[in-house]
Amino acid sequence: MLINIHSHHSSQNNYEILNSNHLLPDKYFSFGFLPTVQNELIKLHDLESIITHQNCLAIGEIGIDKTYSKTLDKQKELFIKQIFISEKYQLPILLHCVKSWNEIAEIRTKLNPKQPWIFHGFRKTVLLESVLKSGTYISIGTAVIWDKKLQECVKNIPIERLFLETDNDLNYTIMDVYAKICSLKNLSLQTLEEQLYKNTKNTFTKWEIG
Ligand SMILES: [Zn+2]
């Protein structure tokens, strides 16, 4: 079972969480308001009605993005509101973090959330220690296939804290990501599959997987 926790494109894989901006009645999905969304499109009561659907397994992507022009205060406010919703409905968070780990880590320390957070599309290798220390899970995407720094970094991520994804990339499949991680960490595919299955069961608790 190859689990893909974050994809923007529907595939034949039954074990994937699609990133969606609406309710998907026949697929597992995540939903949330990115910091880049226009203010007039943000309706938190819609968020609450969609995430309570049985197929919604996580809130995301949500977070802070310093490359985006919306003010930091506004981004933080939206992020924090969604963290409270994640806690209320007991759903994990898929984190969108661009040049903003300090701010996100500060919010995490302050709010001390009980729900798991997953740093999706992790690539900023210098942050590894701090992200692991905070208790946040790490999801690695297709960049690991060619990014040499990330390849080195992956060797230091405990597989109990790891997830894999394809995100927006159509050039590679989730199998390509699994294969790369197996070779970098010297693991059999079966071992990796079993561990990520466990991680998924413990984290995405609404998912009646397998
Ligand atoms: Zn994404």
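Laboratory data are not the source of any read-out in this text; all were calculated from the coordinates shown. No experiment lies behind these values; they were computed from the predicted model shown. No Cβ is skipped: glycine too gets one built from the backbone with ideal geometry, and neighbour counts run over all protein chains shown.
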- Item | Matching entry among Thr205, Thr166 (being touching a residue at least 24 places away in the same chain (Cβ under 8 Å), touching a Gly at 6+ places or on another chain (Cβ under 9 Å) and among the polar types (S, T, N, Q)) | Thr166
- Residue satisfying condition, being among the hydrophobic types (A, V, I, L, M, F, W, C), farther than 26 Å from Leu162 by Cβ and in contact with a Ser or Thr (Cβ under 9 Å, 6 or more places away or on another chain), within set Ile50, Ile17, Ile93: Ile50
- Can you tell me which residue among Thr203, Thr166 is in contact with a Ser or Thr (Cβ under 8 Å, 6 or more places away or on another chain) and surrounded by 17 or more Cβ atoms within 10 Å (Cβ to Cβ)? Thr166
- Message: Can you report the number of residues in segment 61-107 which are under 19 Å from Gly141 (Cβ atoms) and out of contact with any Pro (no Cβ under 8 Å at 6 or more places or on another chain)?
- Response: 10
- Inside segment 105-131, can you point out the residues that are more than 15 Å from the ligand (Cβ to nearest atom) and touching a residue at least 60 places away in the same chain (Cβ under 8 Å)? Pro116
- So Lys155 fits all but one of (1) more than 16 Å from the ligand (Cβ to nearest atom); (2) in contact (Cβ under 8 Å) with a residue 60 or more places away in the chain; what number is the exception? (2)
